[in-house]
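I have placed the structure first, in the form of structure tokens, so that the comments after it can refer back to it.
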Amino acid sequence: MTATQKPHRMPGDPSKEDMLESMIRVDHAGEYGAVRIYEGQLAVLGKSADRADIEHMAEQEREHLARFNDLIRANRVRPTVLMPLWHVAGFALGAGTALLGEKAAHACTVAVEETIDEHYAEQVAALDAEGDQQELRDTFEKFRLEELEHRDTALEKGAEDAPGYEVLKAAVKTGSKLAIWLSKRV
């Protein structure tokens, strides 16, 4: 496909407008959930040696959420109706994994951030195919790179040393993918 060709939509594919609304809705929900995960971790690990790192990640997630709050308003996008669930579930996931220890909290971060990296990468590719949403595309790419920094920090802090790392990571990734799927639609 050349730069001047637009993607061909098949019957049943969402319109460009519906696609953009879905992207903004799901990313708003995801950034809200990320803020709540870090708030849960900080509630448990507030006096740990890793507090500064977790607080830095939380602050970046708050900045992401603020940007999506602006996009929700500017584009008149309805937020997901599942926000109350993500409010509780995000905090519970953060606090629950932190109760298992700092390394488990970092394992949670790795799982969530790897899932979000994949999600943002798909969105960037879709916007590249559209070719006319450069600002939104650049926002997604900037946030994707920051999510990868969070993953790398969590790995440096020993995430892979958490008891049951692979099982915990798989469970959190599955839950994150389900949250994405639901938030796109509801």
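Taking segment 9-47 as the range and being surrounded by 11 or more Cβ atoms within 10 Å (Cβ to Cβ) and of a type in the set (Ser, Thr, Tyr) as the test, the residues that pass are 22, 32, 38.
Of the residues making up segment 151-186, those that are under 29 Å from residue 18 (Cβ atoms) and among the basic types (Lys, Arg) are 173, 177, 184, 185. Being in contact with a Leu (Cβ under 8 Å, 6 or more places away or on another chain) and over 20 Å from residue 72 (Cα atoms) is the filter here; which residues of segment 113-137 pass it? Hits for segment 113-137 are 113, 117.
The set of residues from segment 18-57 being without any contact (Cβ under 8 Å) to a residue 60 or more places away in the chain and among the basic types (Lys, Arg) comprises 36, 47, 51.
In segment 130-141, the qualifying residues are those that are surrounded by 13 or more Cβ atoms within 10 Å (Cβ to Cβ) and assigned to a helix (DSSP H, G or I), and the one that is modelled with the lowest pLDDT is 130. Taking segment 99-126 as the range and being under 13 Å from residue 148 (Cα atoms), crowded, with 23+ Cβ neighbours inside 10 Å and small (Gly, Ala, Ser) as the test, only 111 passes.
Answer yes or no: is there a residue in segment 109-121 that is of a type in the set (Val, Ile, Thr), out of contact with any Ser or Thr (no Cβ under 8 Å at 6 or more places or on another chain), without any contact (Cβ under 8 Å) to a residue 40 or more places away in the chain and in a helix (DSSP H, G or I). So far as segment 109-121 goes, no, none of its residues is of a type in the set (Val, Ile, Thr), out of contact with any Ser or Thr (no Cβ under 8 Å at 6 or more places or on another chain), without any contact (Cβ under 8 Å) to a residue 40 or more places away in the chain and in a helix (DSSP H, G or I). If you scan segment 87-136, which residues turn out to be under 15 Å from the mean Cα position of the chain (by Cα), under 30 Å from residue 15 (Cα atoms) and not acidic (Asp, Glu)? Of everything in segment 87-136, those that are under 15 Å from the mean Cα position of the chain (by Cα), under 30 Å from residue 15 (Cα atoms) and not acidic (Asp, Glu) turn out to be 87, 112, 115, 116, 119, 120, 121, 123, 124. Screening 168, 178, 148, 155 for residues that are of a type in the set (A, V, I, L, M), loosely packed, with under 12 Cβ neighbours inside 10 Å and assigned to a helix (DSSP H, G or I) leaves exactly one candidate, 178. Being part of a loop (DSSP other than H, G, I, E, B), surrounded by fewer than 22 Cβ atoms within 10 Å (Cβ to Cβ) and out of contact with any helix residue (DSSP H, G or I) (no Cβ under 9 Å at 6 or more places or on another chain) is true of residue 81.
The values are calculated or read from the model by the stated rules, or taken from the named source; none is laboratory data. Because the structure is predicted, anything quoted here is derived from the model rather than measured. Ideal geometry is used to build each Cβ from the backbone, glycine not excepted, and the neighbour counts take in all protein chains shown.
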